[in-house]
Amino acid sequence: MVRQDALKLLLEHTKKDSLIKHALAVEACMTAYAKKFGEDEESWGMVGLLHDFDYEKYPTAEEHPYRGAEILREKGAPEAWIRAIMGHAEYTGVPRDSLMAKTLFSIDELAGMVTAVALVRPSKKVADVKVKSVKKKLKDRSFAASVNRDDILNGSEELGVPLDDHIQFVIDAMTEVSDVLGL
């Protein structure tokens, strides 16, 4: 599978612009971390791109990401990708036993929070988001209420990156693709 195939699969299953942009944001962050860690940037990026591709069609905990995993296996995706994608959902019980899986888990909810913070900025630009603004909004449980704060905190800890550094890294990675994200 190459990126074009992954993008095609995402777009076959996902129509909501916000979910597509979330996938692109997570892809950018995964690619940036892969570069930092000396890992396969294209492979990690595709895991980010595909982590929620089944969510729009199968939004329940009984189906997501299980249905996506089935589809990816049928398409011949590497098992390491599937395990990372399964591990990004706590409720699957799949352990995050690879750096790829830990990174995906650490990025997923944080990318959503950074997007939400950017959208309330006057400029609506991710480049204008500050770490302290994200941390302040993390404390406000009514802001972006669907974002799981525990996953953000636990993800940073599992990855072994201090929260402030992790937030800044995600902001920077998303800034690199801000035109595509509309931010």
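What the table shows:
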{"item": "Elements of type helices (runs of 4 or more DSSP H) contained in the stretch 108-183, each with 3 or more residues being touching a Leu at 6+ places or on another chain (Cβ under 6 Å) and of a type in the set (Asp, Glu)", "result": "none"}
{"item": "Selected residue [without any contact (Cβ under 8 Å) to a residue 24 or more places away in the chain and acidic (Asp, Glu)] from Asp128, Asp151", "result": "Asp128"}
{"item": "Residue match in the stretch 73-85 (condition: at pLDDT 95 or above and in contact with a Pro (Cβ under 6 Å, 6 or more places away or on another chain))", "result": "yes"}
{"item": "Selection status of Glu63, of a type in the set (D, E, K, R), part of a loop (DSSP other than H, G, I, E, B), under 24 Å from Ala145 (Cβ atoms) and in contact with a His (Cβ under 8 Å, 6 or more places away or on another chain)", "result": "no"}
{"item": "Residue within the stretch 66-82 that is without any contact (Cβ under 8 Å) to a residue 12 or more places away in the chain and not in a helix (DSSP H, G or I) present", "result": "no"}
{"item": "Residues (under 13 Å from the mean Cα position of the chain (by Cα) and of a type in the set (A, V, I, L, M)) located in the stretch 1-36", "result": "Leu19, Ile20, Ala23, Leu24, Ala25, Val26, Ala28, Met30, Ala32"}
{"item": "Given (1) assigned to a helix (DSSP H, G or I); (2) more than 16 Å from the chain's Cα centre (by Cα); (3) surrounded by 14 or more Cβ atoms within 10 Å (Cβ to Cβ), number of the condition Val94 does not satisfy", "result": "(1)"}
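The values are calculated or read from the model by the stated rules, or taken from the named source; none is laboratory data. The structure displayed is predicted, hence computed values, not measured ones. FYI the Cβ positions are ideal-geometry reconstructions off the backbone, even for glycines, and counts take in every protein chain you see.
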